[in-house]
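This report concerns only the one structure given below.
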Amino acid sequence: MAMDNALMLGLQTQRVLQRRMDIAANNLANVATTGFKADGIWLQEADSTNAHAEEAPTNIRFVRDMGLVRNMQQGPIAMTGNPLDVAIEGEGFFMVQGPNGQTLYTRDGAFSLAGDGRLVTSDGYPVLSGGGAPIVLDPQGETPSIGRDGAIRVAGVEAGRIGVASFAAPAALQKVGDNLWDAEGQRAGEFEGVVVQGALEGSNVRPVVELTRLIEISRAYQSAAKIVSNTDDLRQRAIQQLGR
Amino acid sequence: MRALSIAASGMQAQQTNVDVISHNIANMNTTGYKRQRAEFQDMLYQNIERPGSTSSASGAILPMGIQLGVGVQTDAVGRITSQGSITVSDNPYDVAISGRGYLQIALPSGQTGYTRAGNLAVNGDGSIVTSDGYLLEPSITVPAEATGIQITRDGVVEVTMQGQVEPQQIGQIEIATFINPPGLEAIGDNLFLETPASGAPNTSTPGSPGFGTIMQGFLELSNVNAVEEISSLIVAQRAYEMNARVITAADEMLQSTTQLR
């Protein structure tokens, strides 16, 4: 019964397409999220045991979603006029102290000063210097200026330096939500980008690409559904004919 | 299918965005208004395949795994506290603060309110009050016989009395600064309250290091830029439409499934 293979192929394709759809939806939902990086899915043919091997072709290959392809391209940098907003031009992540004391990474540089003078993210997590210590500024001081190397100067005196970490494989970092990323054991290296004060990096989601993909997924899903329904028809007819 | 709820979160976020933008536009001509900005974050991720796990069929190690995001959330509506433009008003009781700081206002509740709106006036008792009638803090009373009032850049209030040549000091305007002014709580009527996020107020006379100066006869306008807001509005509208399109596509997909027998 070769029909089982067709059924399985159709269903597996639908399953993969649903995931692709979820990912496209998440990209589009985050079209306005600061520092967001778009996800894609990496599809591959996979050898598979046939659903029903008897008298069936042996070279059936299924499609499988093997992993994510993360688009790490630079998002657009927009000026905000807020002196504590910073964007990274080039590779790298701001270092942030997460809720359990671990170091997390972010491209979202919408920082502010906490009541005790610590530089924090919009969630209140301390921003870390290159050495891994929180950055504390004089709360009553003048508006700080932030250099292209991340050095913060208040009235001309260096008060700290925003730590920026680069990774050999930034796309392999795991997103943990709230615009934060986990290095998953990957070691941070030297930073080679530039920090821009008074600006934020937008999402790198390309709406046209995502919308085109959306249509493509939706059509492919419908044809996969057709395979399933045709296979079912075929089997029904076979049963009716043979049973006559 | 997650796509439906993900797109719904996107539409919700853009609605908040439009609300914030329309609030900014509505307050374009509000004295001392500071524009707001909605900030978004991605939501939690669900790990479908952990990186480093083996793919069942071939035994190959997955280099990256699959993470599915579940949408977007509004993380903060921040306030941009940049200086608004300053305009001449020719009213001697109007003051604008050039630089950091807020005027302190005694609220009827006993709390201290903070404001950048310096459209002040004199009430029946001669006290300097806001346009809502709340007393400036520390309070300053203008004598009835005064013929003119001068407010210096460092906040000294002087009046000229009838028949006298030398001006006479009747008070001193003090302003308050905060570590994190966007952390102040807006309570409407151009007023703000101190919060744990803003930090405690630091008061001093205008012109002290780190404090702004007082400009008599001027008012600070809002820092809303109409062109910027309208373009943000268009971007928000398009983002909303895209999320709506996702819902349509996901619905069509589900439909093709439910039509299977």
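Observations on the structure shown:
- A single member of B:Ser222, B:Ser256 is out of contact with any strand residue (DSSP E or B) (no Cβ under 9 Å at 6 or more places or on another chain), part of a helix (DSSP H, G or I) and open to solvent by less than 70 Å² (accessible area, probe 1.4 Å), and it is B:Ser256.
- Test: residue in the range A:95-113 that is open to solvent by less than 10 Å² (accessible area, probe 1.4 Å), part of a strand (DSSP E or B) and more than 14 Å from chain B (Cβ to nearest Cβ): no
- Checking each residue of the range A:73-80 against the condition of being at pLDDT below 90 and either farther than 30 Å from A:Val196 by Cβ or outside any strand (DSSP E or B) (or both) gives at least one match.
- B:Met242 being over 20 Å from A:Val208 (Cβ atoms), aliphatic (A, V, I, L, M) and either open to solvent by less than 50 Å² (accessible area, probe 1.4 Å) or within 9 Å of chain A (Cβ to nearest Cβ) (or both): no
- Scope the range B:181-193; condition under 17 Å from A:Asp116 (Cβ atoms) and open to solvent by 20 Å² or more (accessible area, probe 1.4 Å); matching residues: B:Pro181, B:Pro182
- Filter result for A:Glu216 (out of contact with any strand residue (DSSP E or B) (no Cβ under 7 Å at 6 or more places or on another chain) and either within 30 Å of B:Ala244 (Cα to Cα) or hydroxyl-bearing (Ser, Thr, Tyr) (or both)): yes
- Residue match in the range A:114-123 (condition: surrounded by fewer than 23 Cβ atoms within 10 Å (Cβ to Cβ), closer than 25 Å to A:Gln73 by Cα and at pLDDT below 85): no
- Comparison of B:Asn47, B:Asn17 shows that the only residue that is touching a strand residue (DSSP E or B) at 6+ places or on another chain (Cβ under 6 Å), modelled with pLDDT under 90 and either farther than 24 Å from A:Val120 by Cβ or facing chain A (nearest Cβ under 8 Å) (or both) is B:Asn47.
- Filtered residues of the range B:115-160 (kept if of a type in the set (Asp, Glu) and part of a strand (DSSP E or B)): B:Glu158
- Within the span defined as the range B:236-248, every residue fails to be in a loop (DSSP other than H, G, I, E, B) and more than 30 Å from B:Gln150 (Cβ to Cβ).
- Index of the failed condition, B:Gln12 passing every other in (1) open to solvent by 40 Å² or more (accessible area, probe 1.4 Å); (2) modelled with pLDDT under 90; (3) within 30 Å of B:Gln255 (Cα to Cα): (2)
- Per the listing A:Ala29, A:Ala6, the residue uniquely over 23 Å from A:Phe93 (Cα atoms) and either out of contact with any strand residue (DSSP E or B) (no Cβ under 8 Å at 6 or more places or on another chain) or at the interface with chain B (Cβ under 10 Å from one of its Cβ atoms) (or both) is A:Ala6.
- Restricting A:Ala25, A:Ala32, A:Ala87 to residues that are part of a helix (DSSP H, G or I), within 18 Å of the chain's Cα centre (by Cα) and modelled with pLDDT of 90 or more narrows the list to A:Ala25.
- Within the range B:208-219, the set of residues being open to solvent by less than 40 Å² (accessible area, probe 1.4 Å) and of a type in the set (S, T, N, Q) comprises B:Ser208, B:Thr213.
- Filter result for B:Ala186 (within 19 Å of the chain's Cα centre (by Cα) and either closer than 22 Å to B:Gly212 by Cβ or not acidic (Asp, Glu) (or both)): yes
The values are calculated or read from the model by the stated rules, or taken from the named source; none is laboratory data. What you see is a predicted model; the values in this text were computed from it and never measured. Note that each Cβ is placed from the backbone with ideal geometry, even for glycine, and that neighbours are counted across all protein chains shown. All accessible areas refer to the heavy atoms of the entire protein, side chains included, with ligands and DNA or RNA removed. Shrake-Rupley method; radii C 1.70, N 1.55, O 1.52, S 1.80 Å.
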